[in-house]
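The values are calculated or read from the model by the stated rules, or taken from the named source; none is laboratory data. Every value quoted in this text rests on a predicted model; they were computed, and no experiment measured them. Positions of Cβ are generated from backbone atoms using ideal geometry, with glycine treated the same way; all protein chains shown enter the neighbour counts. Heads up: the accessible areas ignore ligands, DNA and RNA and are worked out on the full protein's heavy atoms, side chains in. Shrake-Rupley method; radii C 1.70, N 1.55, O 1.52, S 1.80 Å.
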Amino acid sequence: MTPRLSDQPWLTAPTTRAVMAALEAAGGPDCARFVGGCVRNALIGQPVADIDIATTLKPEATERAIRAAGLKAVPTGVAHGTVTAVADRRAFEITTLRRDVSTDGRNATVAFTDDWAEDAARRDFRLNALYADAAGRVFDPTGEGVADVLAGRVVFVGDPVTRIREDFLRILRFFRFQAWYGRAEPDAAAIAACRAEAPGMARLSAERVSSELMKLLAAPDPRTAMAVMAEVGVLAQVLPEADLTPPFSEVVEQAGDPVVRLMLLLPPDETVVRQAATRLRFPNSVRDRLAFAARALPAVSLSMSDHEARAALYRHGRQAVADAVARRWAQAPGRSADARRLLDLATGWTRPRLPVGGRDLARLGVEPGPETGRLLKAFEQGWIADDFPAAGHAERLRALVRPPRG
């Protein structure tokens, strides 16, 4: 019996219907099908974020069909058959059916086809080689995709080694999909292929690797997948600094933020963290967040007073202190009350501005120059030590400029 997707808001939305109608007007009733993640997730009741469509239409015909319907068409990857349709600000990625002509482990040269089975044969996993028409009727060219989705199995389409050698990023994708959708034991043939082909990942761009790694770490529970990655040598290939210590396991329970989870894989060493983040070309925001947390860590403990916490927040910033607290909490999971107190303080406290400046010193007769900086630094240190008093600034500054004679 051919399965059908249950009622899905995205499937019946006017924008979706408009895009499918535009394609069918140009190519007939079976020229376009939903493909991949939207079909997979709909079958198991998971949220659908992106709506991808496969079509027998060539890219130029796809563009014409979309524009003829009054919709916006963006040629986002015409060489590989992809056109993005935009309907009421919703994007739909539409790709012509393809078969691989040649591959080099990173990129593929493709030829367009009108054969749905050929298109399915070049995809990575059977649970992603699923299609559905506008009415929600599911097509499963490999014959195992629906069963894999329902059983939580991640299995390569065809021979795992062949699929991996077409694009070595599929090794990381295997572990990412295992983390997100795997409920069964990891497929033995896939694991063997990942182990054998792991050195080929050196050919991949750093950006592709880091993007895939962060998607994996964002899974509800990536621990089992990460452990197998480490066992077969894949983790060492992409992130040799990583260490799957007990605190990593704890932080998965405490935080869903993939950056915090990545932080617990890395040593609390600012230099090492920056080198790893730079090598993998993480966004600057991620690199700096990891580095600032490592820098703040010596100033943070779960035993510190509110006053000490405010001093750390002032010096290192809210995010760095919160991340450092997360690491300390993962190292001492029984101290959740202390960790939550500090995290609440970090969220609720507003960093005050230094209440004095160079003009205040000038009024006291201090000439602009190095002495101004020294006095302001001394004032700031005392102000922090006294827990940021709101008054008495003039007297404190005057005492620094003209210290009392003993």
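Determine, yes or no, whether residue 229 is surrounded by 20 or more Cβ atoms within 10 Å (Cβ to Cβ) and of a type outside the set (Phe, Trp, Tyr). The answer is yes for residue 229.
Against the numbered list (1) open to solvent by less than 50 Å² (accessible area, probe 1.4 Å); (2) at pLDDT below 95, residue 394 comes up short only at (1). Note on segment 6-52: residues that are open to solvent by 20 Å² or more (accessible area, probe 1.4 Å), touching a strand residue (DSSP E or B) at 6+ places or on another chain (Cβ under 9 Å) and assigned to a loop (DSSP other than H, G, I, E, B) total 2. Would you say residue 195 is closer than 30 Å to residue 32 by Cβ and either modelled with pLDDT under 95 or out of contact with any Pro (no Cβ under 7 Å at 6 or more places or on another chain) (or both)? So residue 195 fails the test.
Table: residues versus (1) out of contact with any Gly (no Cβ under 6 Å at 6 or more places or on another chain); (2) surrounded by 16 or more Cβ atoms within 10 Å (Cβ to Cβ); (3) of a type in the set (S, T, N, Q); (4) part of a strand (DSSP E or B).
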site: 100; (1), (2), (3), (4): yes, no, no, yes
site: 109; (1), (2), (3), (4): yes, no, yes, yes
site: 154; (1), (2), (3), (4): no, yes, no, no
site: 164; (1), (2), (3), (4): yes, yes, no, no
site: 171; (1), (2), (3), (4): yes, yes, no, no
site: 183; (1), (2), (3), (4): no, no, no, no
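Tell me yes or no: at least one residue of segment 62-75 is at pLDDT below 95, in a helix (DSSP H, G or I) and not small (Gly, Ala, Ser). Within segment 62-75, none of the residues are at pLDDT below 95, in a helix (DSSP H, G or I) and not small (Gly, Ala, Ser).
Taking segment 131-145 as the region of interest, how many residues are open to solvent by 40 Å² or more (accessible area, probe 1.4 Å), modelled with pLDDT of 95 or more and in a loop (DSSP other than H, G, I, E, B)? Here the count works out to 5. Do the conditions hold for residue 245, that is, is it modelled with pLDDT under 95, open to solvent by 10 Å² or more (accessible area, probe 1.4 Å), in contact with a helix residue (DSSP H, G or I) (Cβ under 8 Å, 6 or more places away or on another chain) and not aromatic (Phe, Trp, Tyr)? It is true that residue 245 is modelled with pLDDT under 95, open to solvent by 10 Å² or more (accessible area, probe 1.4 Å), in contact with a helix residue (DSSP H, G or I) (Cβ under 8 Å, 6 or more places away or on another chain) and not aromatic (Phe, Trp, Tyr). With respect to residue 48, is the statement that it is among the hydrophobic types (A, V, I, L, M, F, W, C) and free of Cβ contacts under 8 Å to residues at least 60 places away in the same chain true? Considered against the rule, which asks whether it is among the hydrophobic types (A, V, I, L, M, F, W, C) and free of Cβ contacts under 8 Å to residues at least 60 places away in the same chain, residue 48 comes out as yes. One residue is enough: does segment 42-53 have a residue meeting the conditions closer than 30 Å to residue 153 by Cβ, in contact with an Asp or Glu (Cβ under 6 Å, 6 or more places away or on another chain) and not β-branched (Val, Ile, Thr)? Yes: segment 42-53 contains one or more residues that are closer than 30 Å to residue 153 by Cβ, in contact with an Asp or Glu (Cβ under 6 Å, 6 or more places away or on another chain) and not β-branched (Val, Ile, Thr). Within segment 248-259, residues that are free of Cβ contacts under 8 Å to residues at least 60 places away in the same chain have Cβ atoms under 8 Å from residues that are not in a helix (DSSP H, G or I) in these pairs: 252/221; 252/222; 256/218; 256/220; 258/218, counting only partners at least 6 apart in sequence or on another chain. Just one of the listed residues (237, 178) is in contact with a Pro (Cβ under 8 Å, 6 or more places away or on another chain), within 26 Å of residue 147 (Cα to Cα), touching a residue at least 24 places away in the same chain (Cβ under 8 Å) and among the polar types (S, T, N, Q), namely 178.
Exactly one residue out of 114, 148, 119 is open to solvent by 10 Å² or more (accessible area, probe 1.4 Å) and charged (D, E, K, R): that is 114. Can you spot a residue in segment 260-276 that is at pLDDT 95 or above, touching a Lys or Arg at 6+ places or on another chain (Cβ under 6 Å) and crowded, with 18+ Cβ neighbours inside 10 Å? No, segment 260-276 has no match at all.
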